[in-house]
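Participant: The structure that follows is given in the form of C-alpha cells.
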Amino acid sequence: MTTYRAALSALVVAALVGGAAASPRPEPAEHFTARVAIAASPARLAFRTIDIVIGRWSTDVEHRKLETALRERGWVDFLDQLCTFTPVGSIVAVDGRDISIRYAWQVVDPGGHRRVFVATDEPMALVNPPVGRSSLADSFMFVELHVGANGEGEGKLSEAAQLSVDESQDVIGVRDYANRPLHLVMVRSLLSLDE
C-alpha cells in the first residue's frame, strides 16, 4: 500500500511539473536587440549584441511616482523610488549579466515613431570587463531609445543626474538627448519584425 501511494504521489507531481513546463511563456510587451560598439583595439571596433526584453509596461501610478520624485526631490529620491518597483523585464548586458528593468515607458507619435524609456537600479557595463566606479549615481542606468515606425533606431544611456521631466510630453528622459553620445546602434524591435 505504501508503494502504491508513493507511486501515485510521484505521478501526480510529474503531471503537475510537466503541465507547468508545457504551459507557454507569456509574450513580452516588447523585445529589442541592439549593438554596442566596443574598442577591441585602438584601430578596430567590435560590435556586441544586447537584448532588452520588456515583459510589461510600467503602470501610470509607477510613472507618476517617478516623475514626482525626480521633479520635486531630485535623482536620489527617484532612484530610491525606482528600487521599490517590481521588475518589468530584463537587459542581457555585454558582460552576460541579466539586469532587471524596473521601469519601462513609451510614447508613440502619430507617425509611429516611438521613444522608449527603460530604467534599472543596476549599472550596465558597455565594456567587458566593466570599468568599476562606485558612486550612488553609477548604481543606476537609464536607456532612451528612439525607434522609427519600421522598428529600427538608436539609443543613448544616461546616469540618474542627467535626467529631466518633460511635462509637455509626460516623459522622464535623457536631458539634452541630441547632444549626448550614441551608445546603442542597430536597435531593432523583434516584435515589429513578427507583425
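The values are calculated or read from the model by the stated rules, or taken from the named source; none is laboratory data. As the structure is a computational prediction, the values presented were derived from the model and not from experiment. When we count neighbours, we look across all protein chains shown, and the Cβ atoms used for this are built from the backbone with ideal geometry, even at glycine. All accessible areas refer to the heavy atoms of the entire protein, side chains included, with ligands and DNA or RNA removed. Shrake-Rupley method; radii C 1.70, N 1.55, O 1.52, S 1.80 Å.
Participant: Among residues belonging to the stretch 184-195 that are farther than 22 Å from Phe140 by Cβ and part of a strand (DSSP E or B), point out the one that is modelled with the lowest pLDDT.
Facilitator: Going through the stretch 184-195, the residues farther than 22 Å from Phe140 by Cβ turn out to be 185-186, 188-195.
Filter again for part of a strand (DSSP E or B), leaving 185-186, 188-189.
Values: Val185: 90, Met186: 93, Arg188: 95, Ser189: 94.
Looking at the filtered set, the residue picked out is Val185.
Participant: Within the stretch 77-84, is even one residue open to solvent by less than 70 Å² (accessible area, probe 1.4 Å) and β-branched (Val, Ile, Thr)? Working first, answer last.
Facilitator: At the first step, the residues of the stretch 77-84 found to be open to solvent by less than 70 Å² (accessible area, probe 1.4 Å) are 77-79, 81-83.
Then drop every residue that is not β-branched (Val, Ile, Thr), which leaves none.
Checking the stretch 77-84: not a single residue is open to solvent by less than 70 Å² (accessible area, probe 1.4 Å) and β-branched (Val, Ile, Thr).
Participant: Filter the stretch 147-158 down to the residues that are surrounded by fewer than 17 Cβ atoms within 10 Å (Cβ to Cβ) and over 18 Å from Val107 (Cβ atoms) and list them by number. Full working, then the answer.
Facilitator: Taking the stretch 147-158 as the starting set, the residues that turn out to be surrounded by fewer than 17 Cβ atoms within 10 Å (Cβ to Cβ) are 148-150, 152, 154.
Correct list: empty.
Participant: Search the stretch 159-171 for residues being within 12 Å of Met141 (Cα to Cα) and of a type in the set (A, V, I, L, M, F, W, C), and hand back the single one that is surrounded by the fewest Cβ atoms within 10 Å (Cβ to Cβ).
Facilitator: Ala161
Participant: Can you report the number of residues in the stretch 156-165 which are part of a strand (DSSP E or B), in contact (Cβ under 8 Å) with a residue 40 or more places away in the chain and within 24 Å of Thr33 (Cα to Cα)?
Facilitator: Selection size over the stretch 156-165: 1.
Participant: Taking only the stretch 166-183 into account, find how many residues are assigned to a loop (DSSP other than H, G, I, E, B) and over 29 Å from Ile38 (Cβ atoms). Quick ask: steps written out before the conclusion?
Facilitator: Within the stretch 166-183, the subset assigned to a loop (DSSP other than H, G, I, E, B) is 167-170, 175-176, 180-183.
Those still in the list that are over 29 Å from Ile38 (Cβ atoms) too: 167-170.
Residues meeting the conditions: 4.
Participant: Sort out which residues of the stretch 58-79 are in contact with a Phe, Trp or Tyr (Cβ under 7 Å, 6 or more places away or on another chain) and acidic (Asp, Glu), and write them in order of number.
Facilitator: So in the stretch 58-79, the residues in contact with a Phe, Trp or Tyr (Cβ under 7 Å, 6 or more places away or on another chain) come out as 58, 62-63, 66, 69-70, 79.
Answer for the stretch 58-79, where residues must be in contact with a Phe, Trp or Tyr (Cβ under 7 Å, 6 or more places away or on another chain) and acidic (Asp, Glu): just Glu62.
Participant: If Met186 passes every condition in (1) open to solvent by 40 Å² or more (accessible area, probe 1.4 Å); (2) within 24 Å of Glu67 (Cβ to Cβ); (3) not β-branched (Val, Ile, Thr) but one, which one does it miss?
Facilitator: The number of the failed condition is (2).
Participant: May I ask you to say which residue of Ala137, Ala125 is modelled with pLDDT under 90, open to solvent by less than 40 Å² (accessible area, probe 1.4 Å) and in a helix (DSSP H, G or I)?
Facilitator: Numbers: Ala125 fails: in a helix (DSSP H, G or I).
Criteria check complete, one pass: Ala137.
Participant: Output the residues belonging to the stretch 45-76 that are outside any strand (DSSP E or B) and open to solvent by less than 50 Å² (accessible area, probe 1.4 Å).
Facilitator: Filtering the stretch 45-76 down to residues outside any strand (DSSP E or B) leaves 55-76.
Result: Gly55, Ser58, Glu62, His63, Leu66, Glu67, Thr68, Ala69, Leu70, Gly74.
Participant: If you don't mind, another one. Quick check on this structure: which one of Val108, Val174 is surrounded by 17 or more Cβ atoms within 10 Å (Cβ to Cβ), among the aliphatic types (A, V, I, L, M) and at pLDDT 90 or above? Steps first, please.
Facilitator: Details: Val108 fails: surrounded by 17 or more Cβ atoms within 10 Å (Cβ to Cβ).
Residue meeting the stated conditions: Val174.
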